[in-house]
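The values are calculated or read from the model by the stated rules, or taken from the named source; none is laboratory data. Owing to the predicted nature of the structure, the values given are computational and were not obtained by experimental measurement. Neighbour counts are summed over all protein chains in view; Cβ atoms, including those assigned to glycine, are modelled from backbone coordinates with ideal geometry. For accessibility, only protein heavy atoms count, side chains too; no ligands or nucleic acids. Shrake-Rupley method; radii C 1.70, N 1.55, O 1.52, S 1.80 Å.
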Amino acid sequence: MKVAIVKYNAGNIYSVVHALKRLGVEPVVTDDAATLRSADRVLFPGQGEASQAMSYLRQHGLDEVIRSLRQPVLGICIGQQLMCRHSEEGDTDCLGIFPVDVLKFQPTRHEDKVPHMGWNELRTMSDERWKMENGSFVYFVHSFYVPVCEFTSAVTDYIIPFSAALHRDNFFATQFHPEKSGAVGEHILRMFLEL
């Protein structure tokens with residue numbers, strides 16, 4: 001199986017590489033359109049700032065490449081946010097794969113810290129192809145979130161309920177980091193590879 005990871009100006013890509021290697025997969029990290037299109041699976045992970053990330057994707061033609069992919073694609077963290085229509089972070093137009101906007105957390109109590117950082121619980125929605133254990137704990141680091149919408153496949157509560165995972169057609173996304181979420185995250189990555 002050929003697995004490609006989108007190379008762009010975002011951090012945290014190599015923790016995903018190491019997680020895949022633990023599953024016996026040797027991914028290629030690339031910004032080459034032909035390599036991405038010919039891969040059996042594509043991962044779009046990262047941590048970073050939305051406007052800078054989208055600027056890089058547009059300059060390198062990767063925005064059109066990602067939209068055009070027909071194999072299973074998994075966005076992680078900012079990858080999920082960039083797959084949405086628009087982000088409040090830098091007032092940024094994104095890829096529009098999921099027609100929903102990314103919003104900034106607005107703390108309502110003293111104990112509400114932003115960014116949301118650490119382990120939190122998943123509540124699953126009905127989605128046969130994206131099975132996650134209800135009540136599983138996964139690892140988050142983010143200040144922006146995707147509201148619950150028709151494409152939400154898992155929900156987490158922090159300040160408000162938000163989309164912990166999304167699914168539309170061949171596009172899957174998680175706000176949390178499966179590569180940093182222990183056995184649960186490993187299970188999710190394996191499910192993605194086996195789709």
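Numbers for the structure displayed
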item: Fraction of the pair-distance distribution of the stretch 28-126 above 15 Å, Cα-Cα pairs, percent; result: 67
item: Cα-based shape type of the stretch 58-97, given that a ≥ b ≥ c are square roots of the gyration tensor eigenvalues and the cut on a/c is 1.5; result: oblate
item: Spacing of the two label points (7 Å from each Cα toward its C-beta) at Ser15 and Ser51, in nm; result: 2.6
item: Heavy-atom accessible surface of the stretch 6-112: percent carbon and sulfur, 1.4 Å; result: 47
item: Compactness relative to 2.2 N^0.38 Å, alpha carbon Rg of the stretch 133-186; result: 1.08
item: Compactness relative to 2.2 N^0.38 Å, alpha carbon Rg of the stretch 72-118; result: 1.31
item: DSSP-defined beta bridges in the stretch 1-150 - what % are antiparallel, rounded to 5; result: 50
item: Loop-located trypsin sites (Lys or Arg not before Pro) in the stretch 64-94 whose Cβ has at most 10 other Cβ within 10 Å (DSSP); result: Arg70
item: Computed P(r) (all Cα pairs; the chain; 10 Å bins; percent); result: 9, 41, 39, 11, 1
item: Potential lengthening between Ala183 and Leu23 on full extension [0.36 nm per residue; Cα-Cα distance subtracted]; result: 56.5 nm
item: Theoretical gain in end-to-end length, Thr35 to Asp169 [0.36 nm per residue, Cα-Cα removed]; result: 46.1 nm
item: Those lysines that a straight Cα-Cα span of less than 30 Å connects to Lys104, excepting residues fewer than 8 apart in one chain; result: Lys7, Lys113, Lys131, Lys180
item: The stretch 101-195: C-alpha gyration tensor shape, a/c 1.5 cut-off, then a/b vs b/c; result: prolate
item: For Phe176, distant residues with modelled amide H under 5 Å away; result: Cys77
